[in-house]
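Asks: Handing you a structure now.
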Amino acid sequence: MNDQAQGLRNLIQHQQELRSKSTRIITVTSGKGGVGKSNFTLNFALTLQKKGYKVLVFDADIGLANIDVLMGVTAKYNLYHLLKKEKSISEIIQTGPNGLQFIAGGSGFNDLIRLTEEQLDYFAEQVSQLNGLVDFIIFDTGAGLSKETLKFIIAAEETIVVTTPEPTSITDAYAIIKMVNSMNYKIPFKLVVNRVTDGKEGKQTADKISLVAKQFLQLDIPSLGYVPDDSSVSKAVKKQIPFTVAFPNSDASRGISELVDDFLANQPRTEQDAGAGAMKGFINKMLKMLKQ
C-alpha cells in the first residue's frame, strides 16, 4: 500500500473513531462563592488530561469568569466572538498549561440568554462540532442558582457540587440540590468537599448532605472525594499557575488525583452505557431551556 492510500485509510479510520466516540458533559457548581469551585474545575480537568483524556473547560461563570486568570493566560477570543459570528467554535478555543483547551466566557453569556432562535440554532450547531473531539467538556458555572447556571445543570449529564466543611457552604450546597429537585429535574449530583483538614472531616461533611438529601428528597448523592486544605493552593493562585502544575506533589494535588481515579472508575464502560447521543441530548436540552 502506497503512502497516499495509507494516509487516506488512516483519515477514514480517525473519522470513524470520532463519530463513535461520546463526549461526556459535566457541570461544576457550588451553592455559594469562595469555596474554590473554579480552582477545583481547572485542576480536575488538568488531572483528567494527565491521565490520558482530552478535556475542554468551558468557563460559564457569567459574574466572575476567571479560569484564564487562574492559568495566567490572556484569552484572545471568547464566547462573544462566536455569538457575533466573528469566529467559529474551533477559533475561540484557547490553550492553557499542559495544552489544556478552554473557552473563555467573558460577556458572551449575557448575550446568550437574549439570542434569537436563529442565533441559538447557530450556537447549537457550533457546539455540536465538539462531539468526539474531546472526552470531557466541563462547564464551570457561577456560584448559586441563577437562571443561567440552572440551564447548564439541567442540560449536562451530571453535576459536581463543590462545598467546604463550613456550615454556610454545606447549607447552600444542599439548597442548590433541593431547588433543582423541586423543579422535577432528575440530575445526577456528586459531591466534592474542598479544604478539609483530614479525610474524617471530608467524609463527615459529605455524609451530612447525603443523609439529609436521602431523608427529605429521596436522593442518593454520592461523594467523589475531598481535597485537603493546602497552602500550596493559595501560593499557586498568586503565581497564576494551577496547583497541580506548580506543586504536583502537594497534598491538594494528590487529593485531586485520587478523586479523579474514583470519578473515572465510576464512568460508563461502553459507548452504549455512556449514551452516544450525549452531546445531542445536551444541545437539545440547552436549546429548550434557552428558548423558554
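Asks: From the list 124, 155, 175, which residue is out of contact with any Ser or Thr (no Cβ under 9 Å at 6 or more places or on another chain), under 20 Å from residue 102 (Cα atoms) and among the aliphatic types (A, V, I, L, M)?
Replies: Only one candidate passes the filter, namely 124.
Asks: Is it true that some residue in region 146-155 is farther than 23 Å from residue 185 by Cα and open to solvent by less than 30 Å² (accessible area, probe 1.4 Å)?
Replies: No, every residue in region 146-155 fails to be farther than 23 Å from residue 185 by Cα and open to solvent by less than 30 Å² (accessible area, probe 1.4 Å).
Asks: Sticking with this one: Within region 203-217, work out how many residues are in contact with a Ser or Thr (Cβ under 8 Å, 6 or more places away or on another chain) and touching a residue at least 24 places away in the same chain (Cβ under 8 Å).
Replies: Result for region 203-217: 2.
Asks: Considering only region 128-148, state which residues are touching a strand residue (DSSP E or B) at 6+ places or on another chain (Cβ under 7 Å) and within 24 Å of residue 54 (Cα to Cα).
Replies: 130, 134, 135, 136, 137, 138, 139, 140, 141
Asks: I need the helices (runs of 4 or more DSSP H) fully contained in region 181-292, keeping only those with at least 1 residues that are open to solvent by 90 Å² or more (accessible area, probe 1.4 Å), modelled with pLDDT of 95 or more and of a type in the set (Asp, Glu).
Replies: 251-265
Asks: Could I ask something else about it? Could you tell me how many of the residues in region 206-234 are under 25 Å from residue 249 (Cβ atoms) and among the polar types (S, T, N, Q)?
Replies: So the count comes out to 4.
Asks: Can you confirm whether residue 160 is open to solvent by less than 10 Å² (accessible area, probe 1.4 Å) and closer than 26 Å to residue 51 by Cα?
Replies: Criteria met by residue 160.
Asks: May I ask you to verify whether residue 57 is in contact (Cβ under 8 Å) with a residue 40 or more places away in the chain, surrounded by 19 or more Cβ atoms within 10 Å (Cβ to Cβ) and out of contact with any Pro (no Cβ under 9 Å at 6 or more places or on another chain)?
Replies: It is true that residue 57 is in contact (Cβ under 8 Å) with a residue 40 or more places away in the chain, surrounded by 19 or more Cβ atoms within 10 Å (Cβ to Cβ) and out of contact with any Pro (no Cβ under 9 Å at 6 or more places or on another chain).
Asks: Moving on. Is there a residue being touching a Lys or Arg at 6+ places or on another chain (Cβ under 6 Å) and of a type outside the set (Asp, Glu) anywhere in region 32-54?
Replies: no
Asks: Among the candidates 87, 76, 50, single out the residue that is among the charged types (D, E, K, R) and open to solvent by less than 60 Å² (accessible area, probe 1.4 Å).
Replies: After ruling out the rest, the residue left standing is 87.
Asks: So which residues in region 8-31 are modelled with pLDDT of 50 or more and of a type in the set (S, T, N, Q), if there are any at all?
Replies: The answer is 10, 13, 22, 23, 27, 29, 30.
Asks: What are the pairs with Cβ atoms under 7 angstrom where one residue, in region 153-181, is within 19 Å of residue 281 (Cα to Cα) and the other, located anywhere, is in a strand (DSSP E or B) and of a type in the set (Phe, Trp, Tyr)? Sequence gap at least six, or different chains.
Replies: Between residues of region 153-181 that are within 19 Å of residue 281 (Cα to Cα) and residues that are in a strand (DSSP E or B) and of a type in the set (Phe, Trp, Tyr), the close pairs are 156/139; 159/189.
The values are calculated or read from the model by the stated rules, or taken from the named source; none is laboratory data. A quick note: this is a predicted structure, and the numbers were derived from the prediction, not measured. Because the Cβ atoms are built from the backbone with ideal geometry, glycine has one as well, and the counts that use them run over all protein chains shown. Heavy atoms of the whole protein, side chains included, go into the accessibility calculation; ligands, DNA and RNA do not. Shrake-Rupley method; radii C 1.70, N 1.55, O 1.52, S 1.80 Å.
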